[in-house]
Structures are given as structure tokens and as C-alpha cells.
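Comments concern the structure below.
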Amino acid sequence: MYTTLKEVTDRAEKLNYTVGAFNTHNLEMLPDMIRAAKEKGAPIIIQTSVDTAKYIGHENLVAVCKSMATKEMVDVVLHLDHARDFDDIKEAIDKGYTSVMFDGSHLPFKENILKTSAVVEYAHRFGVSVEGELGTIGGTEEGIHVDDNDKVYTDPKDAIEFVKATGIDALAIAIGTNHGQYKSKTEVNIPLLRKINAVVDVPLVIHGGTGVKETDIPELINNGIRKFNVGTELLVAWTKTAKETFGDTELNKSLRHNVIPCNQAVKEIVKSKIDIFMNKKDTTFKKEQTISV
Ligand code: 13P
């Protein structure tokens, strides 16, 4: 089914797992990402940046996600990642995305609340889910770099107010992750996550999933992470494989011989992430109730 972020994260909350949100960068890799979810019997969130949506075409992305969701019988959410401009968000909603992120994390707190609320007001009219962000995630996203010194962790007290005032469906939090970190792993601040999860009742979102240690993932799931973003790892695998396959190809050889291995590399990563995200080993929900902030 072509569905919403709220729908898939509600179910993930009940069964204590997290839903993989995978960034696609071209139309080539997209079908294999959805096929990976089908093979694993899992829902999938496909996300694009504003620029990727414009490059591929919103309608094309919607058409592929919708038709594959129906044909393959997979729950697919199409989500706009890190949009800062209301017009970009409106365009995605009007053209059929089922979920959007308004990233007001760079704005003063009150302005972030006001602008996120306006997005929620518009999106909910069409049954579209909204992710907001508080605090700053490190690294580079769409050319915007956040220096380590400028990283601000999410304040649990702000999170309570932000969620209540905006009516968002999911909250992206800053607990030490960085966008684009693929050569090393980060230290996530689990105690801070516990505090946020104890006081906020919407699904929480991890950005910069490539740089998160696999061994930390069960703990993140047990503390309310219901959407887990992975982008760079897929991108690196696709590009690395493309360098190999295109490197010594005959000029007149059908492109698919070079592109299929790239898509396959992405598919294998999505499948292995989903195995971890479905948290099959531990289905006990352990939300911390006793922590005060
Ligand atoms: P990575 O590219 O670091 O995996 O992060 C993806 C992400 O958070 C997209 O918003």
C-alpha cells in the first residue's frame, strides 16, 4: 500500500522496531530498494531531497512508488527530506508525496514552531505526515555544512513544547549523529535519547544513519527511534560499483549491464539494514517512564 509516515511508525511503535528511510538519488536504484523491503516483508520509507525530487520529477517518483507498492504489496511511504521552503513542501504534497520534513532546526525556536505549525496545518489537510527537527545534526546536507562546534543537541524540555505546539507526527533529534559520515562511526548520546523519549510521545527519527554503529541500533529502537535515515551508505555503494562497472566497459554495451550491479549493491544494503531495524531478536517495548528532565 502507498501509505504515510504516521501509519508505518504507529505500527513500528506497537511492535518495537524502526522503519528504514532510505534516500534515493536516481530513478535507477529505486525499484530495487522497494524490492528489498518486499523480500524482507517490511515497510519502507523512500526519501528524496528537494533537488532530487526536481531532478527525477515528483510525479515520476510518486508513480513508481505507488505502482510498486500495489504490485509488490509493500507499504511504501514517499517522504521529502530536509525541506526548508514552504513552496517546496507544498509542491511535494500537491504532487502526491505522503510525508514531508520541514527542517527549521537552523531557525530561532519560536520561528521553528511557527513555520513547522504552518506546514502541519497544510499537510494534515491532505492526510500527509510531517517530520520536524530540533537541534542540529552534524555534517553536510545538500551543501549546507554544520561544523562540530555549531552542533546543538536536542533539549528534552524544548522537545515537549515543540511537539505540543506544532502537532508534528515525528521528531528528528540531534543526539550526536552526522550526515554523510561513512569513513568512521559516531558516539550517540543514548542517555539523552532516553530523556527525550520519556517526555515526548511522537516517533523519534535518527538522521545520519550511515555513521551509527550497528551495535547501537537495538538500544535506539528500544528508546523510541521509529524512523531511521540511511543515505550515504547507499550512495557510496552505488558509486563505487559504478566506477568498477563503467571503468572498463565497451562504449556500445547496454547500460543495464553496468547499472544492475550498482542497484544490486544498494538492494543488499537495504536488506541487511532492514534485518537490524526489524529488531527481530527483541520485541519487548521498554520505553523509559521514570526519567525526569
Ligand atoms: P546519511 O547520509 O549520513 O546516512 O544520513 C541520511 C539522512 O539523515 C538523510 O536526512
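Read-outs throughout are calculated quantities, based only on the coordinates presented, and are distinct from any laboratory measurement. None of these values were measured; they are calculated from a predicted model. Because the Cβ atoms are built from the backbone with ideal geometry, glycine has one as well, and the counts that use them run over all protein chains shown.
General remarks:
- Cα Rg, Dmax (largest Cα-Cα span) when computed across the chain, Å: 18.3, 65
- Largest first, the three principal axis extents of the alpha carbons in segment 113-228 are 42, 32, 24 Å in whole numbers.
- Normalised by 2.2 N^0.38 Å, with N the number of residues, the alpha-carbon radius of gyration of segment 17-123 equals 1.11.
- Segment 66-163 shape via C-alpha gyration tensor axes, a/c threshold 1.5: prolate
- Cα long-axis angle, helix 109-125 against the chain (0 to 90 degrees, to the nearest 10): 60
- Amide H within-cut-off set for V19, under 5 Å, with H built and near neighbours excluded: K227, F228
- Residue among T249, T239, T52 with the largest mean-square fluctuation in a Gaussian network model of the chain, springs linking Cα atoms under 10 Å: T249
- When the chain is treated as a GNM with alpha-carbon contacts under 10 Å, the residue of D201, D248, D275 showing the greatest mean-square fluctuation is D248.
- For the peptides 40-50, 62-72, residues were scored by their other Cβ atoms within 10 Å and the scores averaged per peptide; the highest-first order is 40-50, 62-72.
- Multiplying the residue separation of L114 and Q264 by 0.36 nm and subtracting their alpha-carbon distance yields 49.7 nm.
- Straight-distance crosslink candidates among lysines, where the alpha carbon sits under 17 Å from K110 and sequence neighbours closer than 8 are dropped: K157, K164
- Within a Gaussian network of the chain (alpha carbon springs, distance under 10 Å), most fluctuating of L255, L192, L78: L255
- Tilt relative to the chain, helix 232-247 - C-alpha long axis, 0 to 90 degrees, to 10: 10
- Cα convex hull, segment 111-170: 95 Å³ per residue, rounded to a whole number.
- Amide proton proximity set for D75, modelled H, under 5 Å, gap of 5+: I44
- Backbone HN-Hα couplings from phi across segment 102-108 [Karplus 6.51/-1.76/1.60, Hz, Gly and Pro as x]: 9, 9, x, 5, 7, 8, x
- Against the empirical 2.2 N^0.38 Å (N residues), segment 152-293 has a Cα radius of gyration ratio of 1.30.
- Across segment 1-145, the mean sequence separation of Cα contacts (distance under 8 Å, 6 or more residues apart), normalised by length, yields a relative contact order of 23 percent.
- Residue exposure sequence - R226, R194 - by fewest surrounding Cβ within 10 Å: R194, R226
- Computed from Cα atoms, the angle from the helix 190-199 axis to the main principal axis of the chain rounds to 60 degrees.
- Site pair K71 and D158 shows an inter-label distance of 4.5 nm when each label is modelled 7 Å from Cα along Cα→Cβ.
- The helix-based estimate of mean residue ellipticity at 222 nm for the chain, built from -39,500 (n - 2.57) per DSSP H run of four or more residues and divided by its residue count, is -14500 deg cm²/dmol to the nearest 500.
- Global size of segment 148-197 as Cα Rg and Dmax, reported in angstrom: 12.4, 38
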